[in-house]
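In what follows, a single structure is set out as structure tokens and then discussed.
Computed from the coordinates by the stated procedures, all read-outs in this text should not be read as laboratory data. Computed from a predicted structure; not experimentally measured. Neighbour counts are summed over all protein chains in view; Cβ atoms, including those assigned to glycine, are modelled from backbone coordinates with ideal geometry.
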Amino acid sequence: MSSRLFRKEEVEGKTVVYSSGWVAGKVKDVVFGLDGTLILVVHKEDGKELRIPMSGVLGVADYVVAKDQTGAIAASSAESGMAAACKFCGTAIPPGIVYCPGCGKSQV
């Protein structure tokens, strides 16, 4: 793990790319919780927000590289308390998860 520190201004506006090569969007903000949680708020092309925990960020340079989508939390579904089943393979999907942990397909 790198010990380099980044200011919000250094990552804001950078393109976020998953390790699989897909573009997630651009960094809109960095937010934190009083429990020490840090999250990148990413603005997607469709206008929705995506939240990526800092534990899911692999590196920062010209781009922000994040682990594949299973760690991403859609802001609109983060408040939902009910688990859903994948519409493709039927795997149970925890609340807030955008991509199926079983087959990897998007649920949005």
Given a Förster distance of 25 Å, the FRET efficiency implied by the Cβ-Cβ spacing of residue 63 and residue 31, rounded to the nearest 0.05, works out to 0.80
Dividing the alpha-carbon radius of gyration of the stretch 8-78 by 2.2 N^0.38 Å, where N counts its residues, gives 0.99
Determine which residues of the stretch 34-51 fall in the zone a paramagnetic label at residue 84 would reach in this model, i.e. backbone nitrogen under 20 Å from the point 7 Å along Cα→Cβ.
-> 42-51
